[in-house]
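Report on the following structure.
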Amino acid sequence: MAVRKIVTYPDTVLRERAEPVTNIDGKIQRLINDMAETMYSAPGIGLASNQIGEPSRVIILDTSAKDEPKDLVVVINPEVIEADGVIVSEEGCLSVIDYSADIKRSKQVTVRGLDREGIPITLTKEGLPAIVLQHEIDHLNGILFIHHISKLKRELYKRKLKKILKKRESSPQRL
């Protein structure tokens, strides 16, 4: 397992639609392990494979509390097959630097896919796990949570990001 670099906006890989996984082999197992290591070290509660530069349809999430045992959920080729209700919640993203916003999502979703062994699974989740599933599946479709906010707010964020990146470029590198 290895911690991988998280790709950040505006990298174009985040706008690409991820490819379906057709063979769950050692490469996919290593990808899942690397994603888990990366997500936990970030720390985050969800990660899509394209966030580490691998455009395959793989997501992971763990919404367990910090004082609870880890509960990693892996879904390969996930698709939302049912959605119900509405919830508005503040979202952030490991790929979107220094920004969060209230986003409207379905309160409950049913997602179908494969587990890491290739066994078909169907998950019905509500609240935070439902939000994370939708957020990560959006990633696989090339959609970031900032695409759910108004164009004005997105433009303001882009300006803020330019300042952040410019400041990072001008500050001395630490060894």
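Please treat every number below as a calculation from the coordinates, not as lab data. These numbers were taken from a predicted model, which means no experiment stands behind them. Here the Cβ positions follow ideal geometry from the backbone for every residue, glycine too, while neighbour counts run over all protein chains shown.
If r is the Cβ-Cβ distance from Asn23 to Glu68 and R0 is 45 Å, what FRET efficiency results, to the nearest 0.05? Write down the numbers at each step before the final one.
Numbers: r = 33 Å, r/R0 = 0.74.
For Asn23 and Glu68, the calculated efficiency is 0.85.
Which of the trypsin sites (Lys or Arg not before Pro) found in region 9-71 are loop residues per DSSP with 16 or fewer other Cβ atoms within 10 Å of their Cβ? Working shown, then result.
Numbers: sites: Arg15, Arg17, Lys27, Arg30, Arg57, Lys66, Lys70; in loops: Arg17, Arg57, Lys66, Lys70.
Here the sparse-neighbourhood loop sites are Arg17, Lys66, Lys70.
Using a simple charge model, +1 on the beta-carbon of Lys and Arg, -1 on the beta-carbon of Asp and Glu, nothing else, what dipole does region 12-170 show about its Cα centre, in debye to the nearest 20? Write down the numbers at each step before the final one.
Numbers: 24 positive and 24 negative charges, 227 e Å.
Rounded to the nearest 20 debye, it is 1080 debye.
Enumerate the amide H contacts of Ile97 below 5 Å, restricted to partners 5 or more residues apart or on another chain; note that Pro and chain-start residues carry no placed amide H.
Residues meeting the amide H criterion: Tyr9.
Taking the alpha-carbon distance from Lys163 and a cut-off under 14 Å, which aspartates and glutamates remain once sequence neighbours fewer than 8 residues away in the same chain are dropped?
Qualifying aspartates and glutamates at Cα under 14 Å: Asp98, Glu155.
Among Leu144, Leu128, Tyr99, whose Cα lies farthest out toward the positive end of the dipole of the chain, if unit charges sit on the beta carbon of Lys, Arg (+1) and Asp, Glu (-1)?
Looking along the dipole axis, the top candidate is Tyr99.
Rounded to the nearest 500 deg cm²/dmol, what is the calculated helix-only ellipticity per residue at 222 nm for the chain, with -39500 (n - 2.57) per DSSP H run of length n ≥ 4?
About -9500 deg cm²/dmol.
Pick out, in residue order, every one of the GluC sites (Glu not before Pro) in region 61-119 that is DSSP loop and has at most 16 other C-beta atoms within 10 Å; say none if there are none.
Details: sites: Glu79, Glu82, Glu90, Glu91, Glu117; in loops: Glu117.
In loop regions of region 61-119 (DSSP not H, G, I, E or B), the sparsely surrounded GluC sites (Glu not before Pro) are Glu117.
Give, in nm to one decimal, the length gained when the segment between Ile164 and Glu82 is fully stretched (0.36 nm per residue of separation minus the Cα-Cα distance). Could the numbers behind the result be given before it?
Numbers: separation 82, 0.36 × 82 = 29.52 nm, distance 3.89 nm.
Value of the extension gain: 25.6 nm.
Under the 0.36 nm per residue contour assumption, what length would be gained going from the current alpha-carbon distance of Asn33 and Arg112 to full extension? Please report the intermediate quantities before stating the final value.
On the way: separation 79, 0.36 × 79 = 28.44 nm, distance 2.11 nm.
Contour length minus Cα-Cα distance gives 26.3 nm.
Explain nothing, just the number: dipole magnitude of region 41-135 about its Cα centre with +1 on each Lys and Arg Cβ and -1 on each Asp and Glu Cβ, in debye rounded to the nearest 20.
Values: 9 positive and 15 negative charges, 35 e Å.
Computed about the Cα centre, the dipole is about 160 debye.
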